[in-house]
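Participant: Next up is a structure, given as structure tokens.
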Amino acid sequence: MARSRRCGQVLVLSVPFLALAGCGGEQSSLNPAGRDALSISTLFWVMLAGGVVLWLLVNGAFYYISRVRPGAFDQRYARHVLIGGGIVLPVVVLSALLVWGLSILPDPRRPGDGLVIRVTGEQWWWRVEYWPEGADTPVVTANEIRLPVGQRTELHLTSDKVIHSFWIPALGGKMDMFPGRETMISLAPEKVGTYRGQCAEFCGASHAWMAFAAVVMEEEAFDLWLADEAADARPPASDAAMRGEQVFFSEGCGACHTVRGTEAVGLVGPDLTHVGSRQTLGAGRMRVTLEDLSAWITHTDVLKPEVKMPSYDLAPEHLSDLAVYLKGLK
Ligand code: CUA
């Protein structure tokens, strides 16, 4: 009996540590890779430490009074403890934490260094436009955000139909995206790497499948990538890819998707001009491999419930050619 009670206590005490152990990795506010995320994680740790100290003080006092020296204090002393510990101490500590917390909190509307990225939340993917300083037309892509390291980039956010929330935990706080209104968050990544962004507002059946890769690059590599991204799609490089392109057009994929440099100019779904060079497929759902491309095309409604794109029932050779064509769009 005593043993199982102790086990229970150990379990309860270890829960917070188990929970924290799950907070590492590419999608974690506690693993900051940007200036704003660093402020937020510092805020978290200081608040946590403050909370633990207060918890120990209150429970220590309770234990002392109830177990160590019960009945040792008179009414007057108790009143002092109540006023001091119940009113004065919390007001002082909480006011100090509030003032300090507000001073350290990152300002999401801080102006950027020039590059603007416009992101539209769709059900359930991300329409992405890069507007370098002085550009007249954007570089359009989807489901991936690339940022130059050491620069503050403005992300101008809006939405198609419902409210979404843009969040890259490793880089900063979250910002809601509303239909018919533009919100802004600026991010200053400080570590090169690939992180994970996730929609943080319930937006329909496939909300949980609305993610993206956030790739932080050296400035030079970013400029080269953006120039490449602005170019038209490369023509198919093999017989299989050429046949795949024919399947793409005969199945009507171009009615919903754009592949710049071809007749596909659809705007309903994600731009596929350079889909083969992205880190993920289906907004963080899968990898861009031949197997995943085939699985995506044939099981879209299973992999992302209620998405607009229907599942296609293609002959196996057409399907594999189409996957080769899409993977070759780099
Ligand atoms: Cu978009 Cu949740």
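The values are calculated or read from the model by the stated rules, or taken from the named source; none is laboratory data. Given the structure is predicted, the values throughout are model-derived calculations rather than measurements. Virtual Cβ from ideal backbone geometry, glycine too; neighbours counted across all protein chains shown. The accessibility values were calculated without ligands, DNA or RNA, using every heavy atom of the protein model including side chains. Shrake-Rupley method; radii C 1.70, N 1.55, O 1.52, S 1.80 Å.
Participant: Go through the residues of region 137-149 one by one and say whether even a single one is assigned to a loop (DSSP other than H, G, I, E, B), in contact with a Gly (Cβ under 9 Å, 6 or more places away or on another chain) and within 30 Å of Thr300 (Cα to Cα).
Facilitator: Within region 137-149 (the criterion being assigned to a loop (DSSP other than H, G, I, E, B), in contact with a Gly (Cβ under 9 Å, 6 or more places away or on another chain) and within 30 Å of Thr300 (Cα to Cα)), the answer is yes, since at least one residue qualifies.
Participant: Looking only at region 183-224, which residues are assigned to a helix (DSSP H, G or I) and either within 11 Å of the ligand (Cβ to nearest atom) or surrounded by fewer than 17 Cβ atoms within 10 Å (Cβ to Cβ) (or both)? Break it down into steps so the answer makes sense when it comes.
Facilitator: Residues of region 183-224 that are assigned to a helix (DSSP H, G or I), as a first pass: 207-209, 219-224.
Those that are assigned to a helix (DSSP H, G or I) and either within 11 Å of the ligand (Cβ to nearest atom) or surrounded by fewer than 17 Cβ atoms within 10 Å (Cβ to Cβ) (or both): His207, Ala208, Trp209, Glu219, Glu220, Ala221, Asp223, Leu224.
Participant: Now, a different point. State which residue pairs qualify: first residue within 20 Å of Gly25 (Cβ to Cβ) and inside region 207-221, second residue open to solvent by 70 Å² or more (accessible area, probe 1.4 Å) in any location, beta carbons under 6 Å apart, and separation of 6 or more residues or different chains.
Facilitator: Going by the 6 Å Cβ cut-off, the qualifying pairs are Val216/Val192.
Participant: Mind listing whichever residues of region 167-182 are hydrophobic (A, V, I, L, M, F, W, C) and either within 13 Å of Asp36 (Cβ to Cβ) or part of a loop (DSSP other than H, G, I, E, B) (or both)?
Facilitator: To start, the set of residues in region 167-182 that are hydrophobic (A, V, I, L, M, F, W, C) comprises 167-168, 170-171, 175, 177-178.
Once the filter is applied, which keeps residues that are hydrophobic (A, V, I, L, M, F, W, C) and either within 13 Å of Asp36 (Cβ to Cβ) or part of a loop (DSSP other than H, G, I, E, B) (or both), region 167-182 yields Trp167, Ile168, Ala170, Leu171, Met175, Phe178.
Participant: Got a sec? Which of Val140, Val162 is open to solvent by 10 Å² or more (accessible area, probe 1.4 Å), modelled with pLDDT of 95 or more and touching a Cys at 6+ places or on another chain (Cβ under 6 Å)?
Facilitator: Residue meeting the stated conditions: Val162.
Participant: Related question: Identify the residue in region 155-167 that is within 14 Å of the ligand (Cβ to nearest atom) and of a type in the set (A, V, I, L, M, F, W, C) and, among all such residues, is nearest to the chain's Cα centre (by Cα). First the steps, then the outcome.
Facilitator: Start the filter on region 155-167 by keeping residues that are within 14 Å of the ligand (Cβ to nearest atom), which leaves 157-167.
If we keep only those that are of a type in the set (A, V, I, L, M, F, W, C) as well, we get 157, 162-163, 166-167.
Details: Leu157: 14, Val162: 18, Ile163: 15, Phe166: 6, Trp167: 4 Å.
Across region 155-167, the extreme among qualifying residues is Trp167.
Participant: Being away from the ligand (no atom under 16 Å from the Cβ), more than 23 Å from the chain's Cα centre (by Cα) and open to solvent by 40 Å² or more (accessible area, probe 1.4 Å), is that true of even one residue in region 281-291? Lay out the reasoning, then the answer.
Facilitator: The initial filter retains those residues of region 281-291 that are away from the ligand (no atom under 16 Å from the Cβ), namely 281, 286-291.
With the extra rule that they be more than 23 Å from the chain's Cα centre (by Cα), the set shrinks to 290-291.
Now narrow it down to the ones that are open to solvent by 40 Å² or more (accessible area, probe 1.4 Å): 290-291.
Checked region 281-291: at least one residue is away from the ligand (no atom under 16 Å from the Cβ), more than 23 Å from the chain's Cα centre (by Cα) and open to solvent by 40 Å² or more (accessible area, probe 1.4 Å).
Participant: Name the residues in region 225-245 that are farther than 18 Å from Leu281 by Cα, surrounded by 14 or more Cβ atoms within 10 Å (Cβ to Cβ) and in contact with a Lys or Arg (Cβ under 8 Å, 6 or more places away or on another chain), would you?
Facilitator: Trp225, Leu226, Arg234
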